[in-house]
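Working notes, structure below.
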Amino acid sequence: MTPSGDKRRRRSATSTYYQNLMSQSLTHVALLVREYDEAIAFFVGKLGFDLVEDTYQPAQDKRWVVVRPAGAQGCSILLARASNVHQTQWLGNQAGGRVFLFLRTDDFWRDYRAFTAKGVQFVREPAQADYGVVAVFKDLYGNLWDLIEYNDGRL
């Protein structure tokens, strides 16, 4: 057996151990934004996301703004306003130039046409891959997203 095989076995055993002890899931992914309202306008107005929550928190003078794809359950996006120079420098580059988030769809061409009509900028045109059809777009700050429809219907 190879050393890498040993590592995989240990990692798998560890994962199984924790799966038997706890139930966890991602709730939110924080996305740095310049201003809440412009971010809401993009995600709700252009991408068709649902605005799940928008609550002012006076003690911290900030808002708790949560959006997620229409009809989706599970993980959502927390729109987090950059509050200092250090955070502001990461606007639009939260993944170091790589694709940051992956938006799965049940109808690629419907969503691609709708996004294009609303001015969403695609930086890589649609391409058929072994796993499905995918294109890369930028959000309003420049973060890269995959719009993807898998061939096998996976969620």
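The values are calculated or read from the model by the stated rules, or taken from the named source; none is laboratory data. Since we're looking at a predicted model, the values are computed, not measured. With ideal geometry, Cβ positions are generated from the backbone for all residues, glycine too; neighbour counts draw on all protein chains shown.
Give just the number: which of (1) touching a residue at least 12 places away in the same chain (Cβ under 8 Å); (2) surrounded by fewer than 14 Cβ atoms within 10 Å (Cβ to Cβ) does Ile148 not satisfy?
The one condition Ile148 does not meet is (2).
Working carefully through the options Gly48, Gly74, find the one that is outside any strand (DSSP E or B), farther than 17 Å from Val120 by Cβ and not assigned by TED's automatic domain parsing to the domain that holds Phe108. Even if it seems obvious, please write down each step before you answer.
Details: Gly48 fails: farther than 17 Å from Val120 by Cβ.
Unique residue meeting the criteria: Gly74.
If Ser83 satisfies all but one of (1) within 25 Å of Glu149 (Cα to Cα); (2) outside the structural domain of Leu147 (by TED's automatic domain parsing); (3) not β-branched (Val, Ile, Thr), what's the number of the condition it fails?
Among (1) within 25 Å of Glu149 (Cα to Cα); (2) outside the structural domain of Leu147 (by TED's automatic domain parsing); (3) not β-branched (Val, Ile, Thr), Ser83 violates only (1).
What residue, among those in the stretch 89-141 that are outside any loop (DSSP other than H, G, I, E, B) and charged (D, E, K, R), is surrounded by the fewest Cβ atoms within 10 Å (Cβ to Cβ)?
Step one: list which residues in the stretch 89-141 are outside any loop (DSSP other than H, G, I, E, B), which gives 99-104, 108-117, 122-129, 132-138.
Applying the additional criterion that residues be charged (D, E, K, R) yields 104, 110-111, 113, 124-125, 138.
On the way: Arg104: 15, Arg110: 11, Asp111: 20, Arg113: 11, Arg124: 13, Glu125: 8, Lys138: 14.
Going through the qualifying residues, I end up with Glu125.
Do you know which of the residues in the stretch 59-75 that are out of contact with any helix residue (DSSP H, G or I) (no Cβ under 9 Å at 6 or more places or on another chain) and under 15 Å from Tyr36 (Cβ atoms) is surrounded by the most Cβ atoms within 10 Å (Cβ to Cβ)?
Val66
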